[in-house]
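Report on the following structure.
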Amino acid sequence: MAPPINPVNSILNRLRSSSLDQCFDLCKGKFSVKGCPLLHDVPSNVSFRPFSLVCNETESDAPFPLVQRVKALSHKGGFLGFNTDEPSDSVVNSLGRFTDRNFLSIFRFKTWWSTQWVGTSGSDLQMETQWVVLDVPEIKSYVIIIPIIEGGFRSALRPGNDGHVMIFAESGSSHVKSCCFSSIAYVHVSENPFNLMKEAFSAIRVHLNTFKLLEEKSLPSIVDKFGWCTWDAFYLTVEPAGVWLGVKEFADAGVSPRFVIIDDGWQSINNDGDDPNEDAKNLALGGEQMTARLHRFEECDKFRKYKGGSFLGSNSLSFKPQKPKMLITKAIEIEHAVKARDKALQSGATDVSEFETKIKKLKQELDDMFEVEGSGLPNGNRESFDCKGDDFGLKAFTRDLRTEFKGLDDIWVWHALCGAWGGVRPGATHLDCKVVPCNVSLGLDGTMPDLAVDKIVEGGIGLVHPSQADDFFDSMHSHLSESGVTGVKVDVIHTLEYVSEEYGGRVNLAKAYYNGLSSSLSKNFKGTGIISSMQQCNDFFFLGTKQISMGRVGDDFWFQDPNGDPNGVFWLQGVHMIHCAYNSLWMGQIIQPDWDMFQSDHVCAKYHAGSRAICGGPVYLSDSLGCHNFDLIKKLVHPDGTIPKCQRFALPTRDCLFVNPLFDNKSLLKLWNFNKYGGVIGAFNCQGAGWDSKVRRIIGYPQCYKPVTGSVHITDIEWDQCMEAAAMGEAEEYVVYLDQAESLLLLTPKSNPIQVTIQPSSFEIFSFVPVKSLGPIAKFAPIGITDMFNSGGTIQELDYNETGAAAARLKIKGGGNFLAYSNVAPKTCYLNGTEVAPEWSADGKLKLDLPWTEEANGISDVVFDF
């Protein structure tokens, strides 16, 4: 009997046999795509091999449809490699040169964070470039070069002289060396830049088999909800009473958070010279904790001493809302005094006794403030006693939070990948741990000076041996899970690359830690309860994302410039949006982009809110106690704590890919996304700041901080990128609603672009909705509830009756002003089964006031008969 036919091999063989001609060619020092020269003067030690000759897809655990898709496009990609004479743990080699060709790239400007960069030559690249896309208009295509992982090495691109593109491969250990790389970078070509990203990272996923794409994973439960993070509200002074009061302020205002993230400050940490069993005392500012280590996996005394029921019922909450700001303000005074002393020492001063006296006095004042203000707990909870059992600590606190605030689904906490910023204190736990000195990669030489890096290098990392990574993460997470915590924000991820010398290099160390983290997530947090942060390097994405499905795509929200530029309060916000928008191009293939928190009372809060409304991820704030703009919040959030979220993650429009929306004096950042029944364009003026490679930091460009004029068109939305949206992109007519201008336009695909001028740190949101013909006369298009920034996201269902009596039936979530376009007044209108009279005007605006009905989850049934 003949063996059964393997359908997988059969199909793959057919695909392979019908493969199109390879798109790339390397010959006589010239690397070409479809006959068009791309890189010149390619060294003779550089090689190119097609995807099909390198990747053994049968060894990949990727789903069969994904493998099939990758193989069908395998002729469009391949691998670059090179050989050197001597084995080394870090190697630099040219891949060839290009000039006079527009490129878009992403580079690491800090260990943790990446951002966008454009130029026209290989010499314009920045250090630690994660990928580069080349515009090839000669063949109406785009080519991406992505440095990847090979064996024990990871790689990045960097600038060379005379237009050369250099690749830097490193292992992170002097014990791991190589001189031969056959697939250290992947190249791919496509006629569509968004397809390019999807196809390229799909191919790498099948090839490396060390990560999974976003499409393969489930999302965290918080992705379509509103939340609050404690960081900017408290920094390290966070405590139960403050968290309770913070949640209560939102709930009392009618916007209940559905999740809370208790950020840094809840852990049991101390410094090497401290009593090994005592928590570090009176910490306030970020930076003070960066040399401290975890001395136990349970919560610190501030949370351990919480007794169940302390804030429930008639029990009073004796907590001053101004307390955190008072403590933080005093801590900032100390920080400034220390900087003044250090500056004097650097200037050659030999007597700094006055500075020392002032610092000592300020520290005593801070200690006194901590003592006087107390913990906010009832008196009986403030004494030191054995706080064990279900009625004490984090478990009791999370239980009480959920008892009092019924809609609070998720309570997450922060931790560093290695435990605390300084890792785990040796000897404090059952784990094998030692302090490992930090070695910063030469590849980071061109990155921004960073206090966090300086502090971590100063103290080293208390590293749990990688063979115990599973036990390490489970020890932390099992306690949290048992205590009612449902997820974690894992931060400071890329410290691993500093401490890999003795552990087989950065790739092997990362695999051990990420595997341990993934196992623990599956066991303790349903596999999805995580936000990854400070992780924006290719090591993490290629090695750490088999389980992780959401992560930060921007730097931290900075409410002011830490380097002292008073205008930074404005221009840093545009920089944040650029980080998030362009990082989403690649990170969004692997994780759900998270645009981070912001503060609703910030001078640019509305600007941030506009971007969060259409970003496609969760919306969460870091408001200080008593410092809220609830009118603004209610334009983002429904009363039940859900959000009118877009269908996918926002991306820059095609005409923004090779421009500089930060300091070219002319370009807007335009983002496109989809709602269920329409498309969205957000236009943001981000001009006024950007990266300066000479000073190695982001600086203000005040000459660019001015109004910018641009255009918006229906075709800016990439309708074909979403199967459900493709038909909407073929409509003959659209209605467009401008959120900030509150105007309605009627356009066709042949209409001229909409001209718009955006003020600095301002925006406009354009909602595009296809117009539907109903019967011989009526035309209709629903906009949604215009009280919300993303009005189209409020429409839950839409159904048209095109035969017989023409009608539009909608389910709309939210209370407020519903707007639709209708060229004629409807004959009748029903709201939740009751006939009502909507307001219609000759300009086509059809308005209806909708209630928020709690019993119906805020959803109204609306019928318009024509």
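The values are calculated or read from the model by the stated rules, or taken from the named source; none is laboratory data. Because the structure is a prediction, the values reported are computed rather than measured. Methodologically, a virtual Cβ is constructed for each residue, glycine included, from the backbone with ideal geometry; neighbour enumeration extends over all protein chains shown. Areas reflect the complete protein model, heavy atoms only, side chains present, ligands, DNA and RNA absent. Shrake-Rupley method; radii C 1.70, N 1.55, O 1.52, S 1.80 Å.
So, in region 302-332, how many residues would count as being surrounded by 17 or more Cβ atoms within 10 Å (Cβ to Cβ) and in a helix (DSSP H, G or I)? I'd like the intermediate steps shown before the answer.
Of region 302-332, the ones surrounded by 17 or more Cβ atoms within 10 Å (Cβ to Cβ) are 302-308, 310-311, 319, 323-325, 327-328, 330-331.
With in a helix (DSSP H, G or I) added as a condition, the list becomes 302-304, 323-325, 327-328, 330-331.
Of the residues in region 302-332, 10 are surrounded by 17 or more Cβ atoms within 10 Å (Cβ to Cβ) and in a helix (DSSP H, G or I).
If you take the residues in region 494-527 that are among the hydrophobic types (A, V, I, L, M, F, W, C) and in contact with a helix residue (DSSP H, G or I) (Cβ under 6 Å, 6 or more places away or on another chain), which one is surrounded by the fewest Cβ atoms within 10 Å (Cβ to Cβ)?
Initially, region 494-527 is screened for residues among the hydrophobic types (A, V, I, L, M, F, W, C), giving 496, 499, 507, 509-510, 512, 517, 521, 525.
Add one more test, that the residue is in contact with a helix residue (DSSP H, G or I) (Cβ under 6 Å, 6 or more places away or on another chain), and what stays is 496, 509-510, 512, 517.
Values: LEU496: 26, LEU509: 25, ALA510: 28, ALA512: 18, LEU517: 27.
Taking the candidates together, the pick is ALA512.
Looking at this structure, is VAL243 among the aliphatic types (A, V, I, L, M), in a loop (DSSP other than H, G, I, E, B) and under 30 Å from GLY313 (Cβ atoms)?
Working: among the aliphatic types (A, V, I, L, M): yes; in a loop (DSSP other than H, G, I, E, B): no; under 30 Å from GLY313 (Cβ atoms): yes.
Considered against the rule, which asks whether it is among the aliphatic types (A, V, I, L, M), in a loop (DSSP other than H, G, I, E, B) and under 30 Å from GLY313 (Cβ atoms), VAL243 comes out as no.
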Just checking, which of GLY617, GLY626 is crowded, with 24+ Cβ neighbours inside 10 Å and of a type outside the set (Val, Ile, Thr)? GLY617
So, in region 343-386, of the ones that are surrounded by 10 or more Cβ atoms within 10 Å (Cβ to Cβ), among the small types (Gly, Ala, Ser) and part of a loop (DSSP other than H, G, I, E, B), which residue ends up modelled with the highest pLDDT? ALA349
Out of region 84-109, which residues are crowded, with 21+ Cβ neighbours inside 10 Å and not in a strand (DSSP E or B)? PHE98, PHE109
I'm checking my understanding of the structure. Among residues of region 512-561 that are at pLDDT below 95 and over 19 Å from the mean Cα position of the chain (by Cα), which one is nearest to GLY443 (Cα to Cα)? ASP561
Within region 110-143, tally of residues that are open to solvent by 10 Å² or more (accessible area, probe 1.4 Å), touching a residue at least 12 places away in the same chain (Cβ under 8 Å), of a type outside the set (Val, Ile, Thr) and outside any strand (DSSP E or B): 8
Keeping to region 682-700, report how many residues are open to solvent by 10 Å² or more (accessible area, probe 1.4 Å), at pLDDT 95 or above and not in a strand (DSSP E or B). 0
Of the residues in region 435-467, those that are in contact with a strand residue (DSSP E or B) (Cβ under 9 Å, 6 or more places away or on another chain), surrounded by fewer than 17 Cβ atoms within 10 Å (Cβ to Cβ) and outside any loop (DSSP other than H, G, I, E, B) come to LEU442
Scanning region 24-50 residue by residue, those surrounded by 14 or more Cβ atoms within 10 Å (Cβ to Cβ), in a loop (DSSP other than H, G, I, E, B) and in contact (Cβ under 8 Å) with a residue 60 or more places away in the chain turn out to be LYS34, ASP41
Taking region 788-817 and keeping only residues that are under 35 Å from the mean Cα position of the chain (by Cα) and farther than 16 Å from ASN675 by Cα, one is left with GLY815, GLY816, ASN817
If you check LYS750 against the conditions, is it part of a loop (DSSP other than H, G, I, E, B), more than 30 Å from CYS604 (Cβ to Cβ) and not polar (S, T, N, Q)? yes
Could you count how many residues in region 409-430 are part of a loop (DSSP other than H, G, I, E, B) and either in contact with an Asp or Glu (Cβ under 6 Å, 6 or more places away or on another chain) or open to solvent by less than 10 Å² (accessible area, probe 1.4 Å) (or both)? 4
